[in-house]
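What follows is a single structure, written as structure tokens, with notes after it.
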Amino acid sequence: MRSSESGDQAPGIQSEPTLSGQAQAATGATLAPTAGDVAICCSGGGIRSAAYCLGALQSLDRGGLLAKTKWILGVSGGSYIATSRALVAHDLPAGTQPHAYAPGTAEERNLRYNTRYIAPNGATLLVGVLSLLLGAIVTFVLVLAPLYALAHAFGWLLRWQGALVPSGPHEMTAAVTGPAWWLPSVIAAGIMLTLFAYWWLTLEPARPRNRARWWASVKPDDRDRGANRALLVSWAAALTAGLALAMLAAPPLISWLTRSTGPLGTIAHFLGFGARPSWSLSALAGLIAAVAAVARYCRAGIAKWNALADPAHGKSAAAAQPGLLTRLAGRLRQQLLPWLASTVIVLGGVVFALLWTSDGARVGFGAGQLLLVVAALVVMGCTRVAVNVNRMSIHDFYRWRLADAFAVTRRAAEARNPERARALFAEAAAKRLSELDGHAAGAEPGLVICGTANINAAREVPAGQGGFCITFDPEHVTLHREKGLASEVPAEARTSDYEALVGHSRCTLFDMSAISGAAVSPLMGAMTRHAYRILFTATNVRLGVWLPHPSLVREARKQIDHPKANATGRWWERHPLLLLLWYLSPHLLWDRNQDKNVGREGRLWAHVLKLRLDGAWSGALWYRALQPTLGLLRAEAFGHLSYRATWMYVTDGGHYDNLGLVEALRRGASHIVVLDASGDKAHTWSTLGGAIALARADAGVEIELDPTTMAGDGHGLASGQVVRPWAHGRFSRLDQVPGLPRQGEIWVCKLGWWTGAPWDVLAYARRHSNYPCDSTLEQLYDATEFDAYQELGAATVRHAAEHCSPPLTLVSLPERRLVPQGRPR
């Protein structure tokens, strides 16, 4: 795939041979490194990483290493520049000088003019905010429509049964003591206890059949049977609790709210419980006063809690020892405080449910309310066809901004005619990843974009990891799993099939790059914050994208390529419309029938894929019928994602490995250059440490590398300063894997300035105390900041080339071949 291409040697970048000059003279030969086993990893870090990696790649290109590189792997911000560079290189004829993104080229200037790509002006910021708000509004409508219909229907039931009836112009009276009303809750509780008893009694293995016990013939528990029964018990318990709250607690609560007085009563009446205040300045002033009174009450309660959790405040050290209750209260506060915003959103839904239930019980069944309920049901029915949760998110806005800055070719950047320039930039933005396959006869490194497929089902992913690596390259989309699992073989599909199925306009090169940089989402792999899932989902802070599982796309391709070999099963499975009805129907035991379901899904998706490949207009309609819908939005909020699911939620590659190091090891690189602009402070290496741990667990590779040599003993170093900005190490595979090297070398170049850094870098560092680890939240760089990071990356590679042993630009493989001097490499 990779052919050698000589590059211009930059001054100071040495390609130091491992043989002495005398030895070379005696043999009449020089060392020629084997091409095709070098990988460069561009880490996450937003525009900071893009600038740093750009400078580093420029130095590596001048030193000749890119001509020997097989892969450039991009993660999040690193994928921005890796993708853009691959796009520029693809558009250039082979052998063009200067190379893609060389210093001073038109594409480099274009990027420097777009360093504030997220919000270059007020208009862009406005449409971004509007995109966020529109998605949040649609989310609330989709969630509240079924709640509206269900709450009104329940209110009609309460009035019909006499459990909640009007007792005055604005008041309601609850009566839930009758046996006919509380009996369903008791029955549900009995069923739940029966299921629990069955789970408890069948936990132990089966007894021999000669034992006189009724469960003697029960089969021994398999791996999942006990867990499935426990899940059934939990669902029964949740339904029982919900039924009890709805039937026994909701009516008295609504009655109390309609009769309440004081500040709480003023707020309740304003919301619609009981007497509604007239719209006047005095009523508004009363509402504000009531809200203030309730806020003061809540603040006083929080102050008491804080005092209980922090008794040492204002006391001597001897009297500051907290007791057990105090420590428990402090711990509880730390655990619950992050859930506050999500709790407020859930309480808002409860208030709406109570209010609409009250309206239904007060007015009763009538044409007016029935019409509104039918409208809500229509909205529910239309969500399957009309709403795509991917389009509701801000992914489209994010992809647009990335493409606006990084979708460039040299022809577009150099075009002087405005109309031609716009056409060329539009062509670059529409480029697909599969179109980069085999470009320039392999003269450029292959592009690999890394993302994270979020998975959190029990026994499918290590606890706390939250997902596996998914990669996009011009040939394949690949979902890897942990090394050693029964299903270790990765799920892989053709990239071209993926693009055709999802849609060429929805699966462009920069769609993939935007997915790799989807840093903020309800689900974020190992970085998921459970307390914020509901908050992020409700407010549409969602950059992740739902994509079909690669194994499903691969199965569809098999069905297309071998239709006769797969023409088995029941008669209805050969009719796409019947398969569509089966697909849209509920499947409570989906996992249990996984083998059958995969075949059926494969036939259905094969039909859709064939229509999409043929360019039929009906293909878009079929895909729309299968698209991600409201159920997947619920999965984002409550987070239960299985490896075997049809759809997978893909987010930032940094949510698995922010360096791309593990994927480079999986692909068999024996020499890996890691450009670490992830943002760790100069004296910390948590990102690198996490990647080393993942490499051992998921790829079976042991890495020996000491990053502390960058900071030395740390004595006398300023913030952001290091002794040297690189470290060298080696790796070895725990088990020999056919086709993969047993050992290899790793160079890590990391953010940090040193005494011998360029003077402009040192000058910038003296003026900016956070440099070079500015927050990733800061994405609006000016030219000076961009240049500081770009030059730091270039200087770091030069320093590693001059002072590291072996030097960074020398790829000295275990197996080397000698060629006569004067022979071109």
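Odds and ends about this structure:
- Per residue, the Cα convex hull of segment 591-744 amounts to 205 Å³.
- For segment 641-697 versus segment 120-180, the spacing of their alpha-carbon centroids is 43 Å.
- Burial ranking of peptide ranges 788-798, 534-544, 657-667, 185-195 (average Cβ count within 10 Å, highest at the top): 657-667, 788-798, 534-544, 185-195
- Net charge contributed by nearby residues that have their C-beta within less than 11 Å of Ala800 (K/R +1, D/E -1): +2
- Translational D in µm²/s for segment 639-724 (Stokes-Einstein at 10 °C, 1.306 mPa s, Kirkwood Rh from C-alpha pairs): 105 µm²/s
- Residue-span extension gain [Trp759 to Arg730] - 0.36 nm each, minus C-alpha spacing: 7.2 nm
- Linear extension gain, Lys564 paired with Gln335, 0.36 nm per residue minus alpha-carbon span: 76.7 nm
- Radius 11 Å from Cβ of Tyr781, net charge of other residues (Lys, Arg +1; Asp, Glu -1): -2
- A straight line joining the Cα centroids of segment 779-810 and segment 744-763 runs 6 Å.
- Scattering profile of segment 596-669 at q = 0.22, 0.28 Å⁻¹ [log10 I(q)/I(0), Debye over alpha-carbon scatterers]: -1.01, -1.20
- With a simple spin-label model that places each label point 7 Å from the Cα along the Cα-to-Cβ direction, the separation between Arg327 and Ile137 comes to 5.2 nm.
- Here's the picture: a label point sits 7 Å out from the Cα of Glu171 along the beta-carbon direction, and within segment 264-286 the residues with their amide nitrogen under 13 Å of it are 274-275.
- Using the Cβ-Cβ distance between Lys681 and Leu580 with R0 set to 60 Å, the FRET efficiency works out to roughly 0.65.
Bear in mind that the values in this text are calculations on the coordinates, not laboratory data. Predicted model only: the values in this text are computed from it and were never measured. Don't worry about glycine lacking a Cβ; one is built from the backbone with ideal geometry, like all the others, and counts go over all protein chains shown.
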